[in-house]
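Chemist: Structure in structure tokens, see below.
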Amino acid sequence: MRTLKFFITLLFFTGWALTARGEFDANKLQTNIQKTIDSVRPAVVAVRGTRSAFSGVIVSADGHVLSAGHAVRPGIRYKVILPDGRSFRARGKGSNPDADCALLQISEKIDDLPFVQIGDSSNLVPNQPCIGISFPGGQGTREQPAVRFGRIVRRARSGRMLQSTALMEPGDSGGGLFDLDGRVIGIHSSIGRSMSQNFEVPIDVYKNFWTELNYERQFTSNSRLILGIEARERRDASGITVEAIVKDGVAENSGIKQDDIITTINGEKTVSIETLRAALANAAEQRLEKFPLTLKRDEDSVSLDADFTNDWLPPEVELPKYERTEFPVPVAIEQLANLPRVFSDLEQKLDNACVRIRSEVPTKAGTENASIVGTLIKDTDLILSKNSMVGMNPRTKLDDKETELEIVVRNSENDLVLLRAPAKHRRGIKLSSVSEEVPEAGIFLIAPDASGPGQLSIVSAKLFRSEKEVSQGYLGVYPSTYGDGKGAVLNRIVSGGAAKRAGLLVGDVVTKMNDTEIKTHSDMRKLLGSLDPNITIVAVVQRDGEEIEKSITLGAFKSNSNHAADIMDKSGRRDGFSEVLLHDANLQPEKCGGPVFDLSGNFVGMNIARNSRVRSYALPSSVVKEFLESQN
């Protein structure tokens, strides 16, 4: 990674400072976000099991780690990895899948273990700022946590989740949601189809179940005592029929048998599963180790005691104690409901740095017009954009005139394309002074949009190299090796794929793709893995004894997953970049290619890909400048 960093700034924003509207101070909010990140990030951990990976938050010097109930299994050993690189052994303790809360306990005694305070979720207010931090894994977040900013949408009501706009995706489970006072107020649980549907287990749930969470077993919200039976309700509401007995459980040890009909527990009638759970919950509230129950066995009425003496919850466990601190009452920041509007004056001026580029891309029916953003380079005739989204005959509007653009060079390494207009333009970004500053987590970013309010996000993690994992050319065939290394024969062609669109047929033998000889199906797969989606290649094909050439515009792999995190559009080329800046913008793929700025109007980079629900990538200004200078 480069040690020397610099910014490219808009000439007319040198020395410019944002003026806050009303009482809202964006720079102060940004400072508070960064301070909170610095204070709580050391206590957010990655948790690794034999076949699982999730996140957690340390909330005591004794090593209590909060996490998600669907991720933690009681009694299972885990490894907890801190952001500073240290790792410790931990064990799964209590887990409640219904409320999705769980606790792990670090097994080792550590003198300098970082931890955060448990906050309150009952007094949160809509539009209160919050910060999500977790280790989702994947690019850039295996060794460092990812940070996301948001606001409270809906505070938790009885039996419901806390909802925020701090984005999550699979892998974030167990991470923490924090207020700006540095207290954990929720634990990452699940997402919905809307980008605003990010659901957290309210921190008060952990406080309510603190004793149960410290007991190494799974429990439910309705019944903190586990009787150890499988049961069904009777249609006549005369009781609960025992269908199976858990071996060595309370029911077996208390003398309950299969086919018994439980009619009362501690004097309360059990006419349904719900009333049975309620009766057990009442007994738990009274902390009864033994209590009577009646049941019907054959034609007899039987009375016995449910004995929890050897299967009881441990003595009540106190919540962690912290240094006494007076925290302010949570306050809503109404501007957070539409934060881009706050920066509208700045964003409108930054619009001058970008244009909309239209070009022609191949489709099943021939070609269609595609649109992508471009970044103007001030006092030149150059425009920079995302290569894989720019097809043939590119054009744009400059000074309200439709203008054809010349393709100067395509750069596959960072998916860049440099275009040339007929004349120089006076607006755009200008190469300027070199700076060693690198945008840190928590810095606000603005991506202008000439047709709308633009995108606002924060930096999620430090710069990292994006390896090529899923971004590769998709041909849409099932090949095998033909003869003794004579090519790759196509055994099946996928409907709607690139091969089908190009007119390839089952039985065709591909012997060459561009300048690469194809002797085996492995040669074909290897080459396609190195190519970007949507580029055009020339293939040499043997068909019925004749050699023909086919021009093929590749496609991109499409996910068949119906998960909420996979239904949104992602960039075809979304990884494999020399260095990227990760931020949490809800960036549409067609909005890539445009510039990104900080609150002072400094050019920070260029949006290059929507990688996933939460991960948007920008090429940092250093990579952009290096590419531009290499063309001189």
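The values are calculated or read from the model by the stated rules, or taken from the named source; none is laboratory data. Predicted model, so just to flag it, every value in this text is computed and none were measured. With ideal geometry, Cβ positions are generated from the backbone for all residues, glycine too; neighbour counts draw on all protein chains shown.
Chemist: How about segment 515-558: which of its residues are polar (S, T, N, Q) and touching a Pro at 6+ places or on another chain (Cβ under 7 Å)? Before the answer, list the steps.
Modeler: Taking segment 515-558 and keeping what is polar (S, T, N, Q), we get 516, 520, 522, 530, 534, 536, 542, 551, 553.
Hit for segment 515-558 is THR553, nothing else.
Chemist: Can you confirm whether GLU326 is at pLDDT below 85, part of a loop (DSSP other than H, G, I, E, B) and closer than 30 Å to ASP181 by Cα? Lay out the reasoning, then the answer.
Modeler: Numbers: at pLDDT below 85: no; part of a loop (DSSP other than H, G, I, E, B): yes; closer than 30 Å to ASP181 by Cα: yes.
Taking the combined requirement at face value, the residue does not satisfy it.
Chemist: Have a look at ASP598, ASP569 and point out the one that is within 24 Å of VAL355 (Cβ to Cβ), touching a Leu at 6+ places or on another chain (Cβ under 9 Å) and surrounded by fewer than 22 Cβ atoms within 10 Å (Cβ to Cβ).
Modeler: Details: ASP569 fails: touching a Leu at 6+ places or on another chain (Cβ under 9 Å).
Just one listed residue meets the conditions, ASP598.
Chemist: Please state which one of ALA370, ALA353, ALA365 is of a type in the set (A, V, I, L, M, F, W, C), under 30 Å from the mean Cα position of the chain (by Cα), modelled with pLDDT under 90 and in the same structural domain as GLY428 (by TED's automatic domain parsing). Walk me through it before giving the result.
Modeler: Details: ALA353 fails: modelled with pLDDT under 90; ALA365 fails: under 30 Å from the mean Cα position of the chain (by Cα).
Residue meeting the stated conditions: ALA370.
Chemist: VAL459 is checked against (1) crowded, with 19+ Cβ neighbours inside 10 Å; (2) over 30 Å from GLY594 (Cβ atoms) and fails just one. What number does that condition carry?
Modeler: Of (1) crowded, with 19+ Cβ neighbours inside 10 Å; (2) over 30 Å from GLY594 (Cβ atoms), only one is false for VAL459: (2).
Chemist: Go through segment 420-443 and report how many residues are at pLDDT 95 or above and in contact with a Phe, Trp or Tyr (Cβ under 8 Å, 6 or more places away or on another chain).
Modeler: Count: 1.
Chemist: Let me ask you something else. Restricting to segment 167-181, what's the tally of residues that are of a type outside the set (D, E, K, R) and surrounded by fewer than 21 Cβ atoms within 10 Å (Cβ to Cβ)? Steps first, answer last, please.
Modeler: Filtering segment 167-181 down to residues of a type outside the set (D, E, K, R) leaves 167-168, 170-171, 173-178, 180.
From what's left, surrounded by fewer than 21 Cβ atoms within 10 Å (Cβ to Cβ): 170, 180.
So the answer is 2.
Chemist: Residues to consider are LEU416, LEU398, LEU384; find the one that is touching a residue at least 12 places away in the same chain (Cβ under 8 Å), over 12 Å from SER359 (Cα atoms), assigned by TED's automatic domain parsing to the domain that holds PRO448 and hydrophobic (A, V, I, L, M, F, W, C).
Modeler: On the way: LEU416 fails: assigned by TED's automatic domain parsing to the domain that holds PRO448; LEU398 fails: assigned by TED's automatic domain parsing to the domain that holds PRO448.
When all the criteria are applied, what remains is LEU384.
Chemist: Which is within 16 Å of ALA306 (Cβ to Cβ) and either hydroxyl-bearing (Ser, Thr, Tyr) or touching a residue at least 60 places away in the same chain (Cβ under 8 Å) (or both), of SER272, SER194, SER254? Write out each step before concluding.
Modeler: On the way: SER272 fails: within 16 Å of ALA306 (Cβ to Cβ); SER194 fails: within 16 Å of ALA306 (Cβ to Cβ).
The conditions single out SER254.
Chemist: Moving to a separate point now. Let me spell it out: the conditions are (1) under 22 Å from GLU285 (Cβ atoms); (2) surrounded by fewer than 24 Cβ atoms within 10 Å (Cβ to Cβ), and PRO202 meets all of them except one. Which number is the exception?
Modeler: Every listed condition holds for PRO202 apart from (2).
Chemist: Another question, then. Answer yes if at least one residue in segment 482-493 is surrounded by 22 or more Cβ atoms within 10 Å (Cβ to Cβ) and within 33 Å of the chain's Cα centre (by Cα), and no otherwise.
Modeler: Taking every residue of segment 482-493 in turn, none turns out to be surrounded by 22 or more Cβ atoms within 10 Å (Cβ to Cβ) and within 33 Å of the chain's Cα centre (by Cα).
Chemist: Report those strands (runs of 3 or more DSSP E) wholly inside segment 526-623 carrying at least 3 residues which are within 17 Å of LEU416 (Cα to Cα) and in contact (Cβ under 8 Å) with a residue 60 or more places away in the chain. Lay out the reasoning, then the answer.
Modeler: Numbers: elements: 536-543, 546-553, 577-583, 595-597, 602-610, 616-620.
Because the criterion is at least 3 residues that are within 17 Å of LEU416 (Cα to Cα) and in contact (Cβ under 8 Å) with a residue 60 or more places away in the chain, the strands (runs of 3 or more DSSP E) in segment 526-623 that meet it are 577-583, 602-610, 616-620.
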